[in-house]
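Undergrad: Provided herewith is a single structure, encoded as structure tokens, for subsequent inquiry.
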Amino acid sequence: MQITQQRYYTPKEYLELEEVAEYKSEYIDGQIIPMAGGTINHNRIAGNFYAVLNFAFRQQEYEVFNSDMRLWIHQKRIYTYPDVTVIAGEPEFFNNRTDIITNPQVIVEVLSKSTKNYDSPAETLCEREDKFQAYRTISTFQEYLLIDQTRIHVDQFSKTGKKQWTLREYDDEDDAIALVTVPFEISLQDLYNKVKFELVELEGESADVEGLG
């Protein structure tokens, strides 16, 4: 993934370009960075989490959004598209635009290979430490899940106080993830349903696979 232009854009210019763009891009303090296309594992995991979460909250005062909903991080001047976002109560929209939210409570990200390997200097926002740091500037943000798409592994960060977060890891397919800040639980078997893990990754060659479900 590379920055398409070296020039700096205003947030208004970015939004105008995004309206007509064929593919989504993130905006990071003046730079427009194309988002990598999602793999089938990425889509399966994000879809599984969104579907179970959305069904669980159908009678509760939470709302769930997928990656079609844009998030504005005011302090960092960032527009981004989390894979799954949970809002407590009513969503707060930026400048009355119903496609931009500002008050996430829980954010869920499925790690891409480039994110996991830290191998692209242009992908500053997509490096998980930088992204987590940006999310932490949002006053409503309380919980963050990072899901690996190449193996069974989830990192769960939950806020315990001012500038204090705890980490819990999940890596056993018999585990169940219990969110701390909202009443929700999902098993890793349901989260990774139909996901096939690559055992051998050779560019240009087929890989042997195994999976859950």
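Each value in this text was obtained by applying a stated rule to the coordinates, not by laboratory testing. In this text the structure is predicted, and so the values were computed from the model without any measurement. All Cβ positions, even for glycine, are placed from backbone atoms using ideal geometry, and neighbour counts span all protein chains on display.
Undergrad: Is there a pair in Lys12/Lys196; Lys163/Lys196; Lys76/Lys194; Lys76/Lys196; Lys131/Lys196; Lys24/Lys159 whose C-alpha atoms are over 32 Å apart, and which pairs would that be?
TA: Violating the 32 Å Cα-Cα cut-off are Lys12/Lys196; Lys163/Lys196; Lys76/Lys194; Lys76/Lys196.
Undergrad: Another question, if that's okay. Quote the FRET efficiency, to the nearest 0.05, computed for Asp171 versus Lys196 with a Förster distance R0 of 25 Å and r equal to the Cβ-Cβ distance.
TA: 0.90
Undergrad: When ranked by the protection proxy of mean other Cβ atoms within 10 Å per residue, highest first, what sequence do the peptides 49-55, 101-107 form? Numbers along the way, then the final one.
TA: Details: 49-55: 17.1, 101-107: 21.4.
Ranking the peptides 49-55, 101-107 by packing returns 101-107, 49-55.
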